[in-house]
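Engineer: The structure that follows is given in the form of structure tokens.
Any read-out appearing in this document is the output of simple, stated calculations on the displayed coordinates, not a laboratory observation. If you're wondering where the values come from, they're calculated on a predicted model, not measured in any experiment. Glycine gets a Cβ as well: all are built from the backbone with ideal geometry, and neighbour counts include every protein chain shown.
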Amino acid sequence: MIRAMATTNPIPRFPVGFLWGVSTSAHQIEGAVDAREPSVWDVFTAEPGRVRDGSTAAVACDHVHRHREDVALLADLGVDAYRFSVSWPRVRAEGGLDFYDRLVDDLLAAGVRPVPTLFHWDLPADLDWLERDTAERFAEHVTRVAARLGDRVTKWITLNEPAEHTLLGHALGVHAPGRTLLFDALPVAHHQLLAHGLAVRALRAAGASDIGIANSHGPTWPASDDAADVAAADFYDTLLNRLFADPVLLGRYPEGIGELMPGDVEADLKTIAEPVDWYGINYYAPTRVGAPQGAEIEFGGVRMPAELPFFVRDVEGYPVTDFGWPVVPEALTELLTAFRGRYGDRLPPVVITENGCAYEGLNDTDRITYLDGHVRALHRAVEAGVDVRGYFVWSLLDNFEWAEGYGRRFGLVHVDFDTQRRTPKASYGWYRALLREQRD
């Protein structure tokens, strides 16, 4: 392990009981593709040109066969909890839940709390979020998983980032299933939210009392004070932040959105708004948005069609990660205090379910700087009165980074994908030291 840099300015102590963890997802690390049914991502990555380096997740980190090695890394790291996802295609295969049985048992034996996410983008290939029935099928999946693991798992996450799965997978076509529906993708958002509500009900029926969702959020900054830029930024903010939060927390869609959704929306909203015990936020960076320019652009590797009613621009004046994302820790404080102001007592306790960055190298001092800044920003939000209960770093391992393939490394642990050798980075040592300091 590379030695972490010494910290001369200790991070303030978080409240007693604060949950420290790391996150991964099934499709990105598990491998063992022959022991599960195909997902939309298997179909997508088989199409030439869909993934930047032409790779697939057939092996990835081979976590299914090496999970005990990874659990040992978690135990050595000293995290309280491990957020992983349960692959719906694996659960549908014969013996698929056996793997998660073993994983949960091994985590508990190592003193690490299992926190499963029940959907993280790897939809079975024969299902479709455009179809309402998929929400019902998801509830059946959740019931099956909870019946098997619920005697040992107490903290659950229903969905991961339905916003990205809708926008990137169904509106812009850069993620699986590769559709370019633009605003005709809105039923995908509604059906995922309905699936979340049905999953909460299924988990409650199984006796669960610690349930959340992991939504992605970030501040939206207008490109200027011009009215057109402000209006475009407000619209983008509605899509990113309010479209997936308002129905869960307030039981309603933002103005003008509900009438675009399919089915009996008012009845569905009662299901979508089933109370959660905490609200998960995945935060990476703010977004700068202006009025549309009438031309197609590529931003962050994503083609932005000319017909969109906004224009995403660079956030200037900040360092960027290897992904080109701006590093703005103070925007996390801004986001959390804004959420508290917007939702008031309708906002349950918050957990940061993902926060991380892509950088190369074992001596990853830039990652240490990023995480150090964001943990401090999180503490400032706590000081400002936001009820934050936990923080999960993305990610434990370098992994298959979706349409980027293996070209972006988010891990605290380096993975040699030829040999599967794991090597803890300097950031792993930094995080381990932080956790020990928080408990002293």
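Engineer: Can you give me the distance in nm between label points at Arg152 and Ala46, each placed 7 Å from the Cα along the Cα-to-Cβ direction?
Structural biologist: 3.3
Engineer: Follow-up. Could you work out the relative contact order of the chain? I mean the mean sequence separation of Cα pairs under 8 Å and 6+ apart, divided by the number of residues, in percent. List each step's numbers first, then the result.
Structural biologist: On the way: 899 pairs, mean separation 85.3, N = 440.
Once divided by the residue count of the chain, the mean separation gives 19 percent.
Engineer: Taking the Cβ-Cβ separation of Glu360 and Ser209 as r and a Förster radius of 41 Å, what is the calculated FRET efficiency to the nearest 0.05?
Structural biologist: 0.45
Engineer: How much length would be gained if the chain were fully extended between Asp225 and Glu307, taking 0.36 nm per residue of separation minus their Cα-Cα distance, in nm to one decimal? Write out the running numbers ahead of the final one.
Structural biologist: Values: separation 82, 0.36 × 82 = 29.52 nm, distance 2.24 nm.
Taking 0.36 nm per residue and subtracting the Cα distance, the gain is 27.3 nm.
Engineer: Moving to a separate point now. Taking the chain as a Gaussian network, Cα atoms linked when under 10 Å apart, which of Ile352, Ile11, Ile368 shows the biggest mean-square fluctuation?
Structural biologist: For the chain, modelled as a Gaussian network with Cα springs under 10 Å, the answer is Ile11.
Engineer: Also, quick follow-up: So what is the calculated 222 nm ellipticity per residue for the chain, using -39500 (n - 2.57) for each DSSP H run with n of 4 or more, over all residues, to the nearest 500 deg cm²/dmol?
Structural biologist: So the helix-based figure for the chain works out to -11000 deg cm²/dmol.
Engineer: Now, a different point. Pairs of Cα atoms under 8 Å, at least six residues apart: use those to get the relative contact order of the stretch 286-440, whole percent.
Structural biologist: Answer for the stretch 286-440 is 18 percent.
Engineer: With r defined as the distance between the Cβ atoms of Thr337 and Arg102 and R0 fixed at 35 Å, what FRET efficiency is calculated, to the nearest 0.05?
Structural biologist: Approximately 0.25, to the nearest 0.05.
Engineer: What nm distance separates the two modelled labels at Arg376 and Gln420, each placed 7 Å from Cα along Cα→Cβ?
Structural biologist: Here the modelled spin labels are 4.0 nm apart.
Engineer: Same structure, new question: Multiplying the sequence separation of Glu136 and Asp53 by 0.36 nm and subtracting their Cα-Cα distance, what value in nm do you get?
Structural biologist: Taking Glu136 through Asp53 to full extension adds about 26.3 nm, to one decimal.
Engineer: Right, something else. Calculate, in nm to one decimal, what Asp277 and Ala109 gain on full extension: separation in residues at 0.36 nm each, minus their alpha carbon distance. Before the final figure, lay out each step's value.
Structural biologist: Details: separation 168, 0.36 × 168 = 60.48 nm, distance 2.59 nm.
Gain in length upon complete extension: 57.9 nm.
Engineer: Please compute the contact order of the stretch 1-89 in relative form: average sequence separation of alpha-carbon pairs under 8 Å and at least six residues apart, divided by the residue count, as a percent.
Structural biologist: Normalised by residue count, the contact order of the stretch 1-89 is 44 percent.
Engineer: Another one. Computed FRET efficiency, Cβ-Cβ of Asp314 and Glu383, R0 25 Å: what is it to the nearest 0.05?
Structural biologist: Values: r = 31 Å, r/R0 = 1.23.
Once rounded, the FRET efficiency stands at 0.20.
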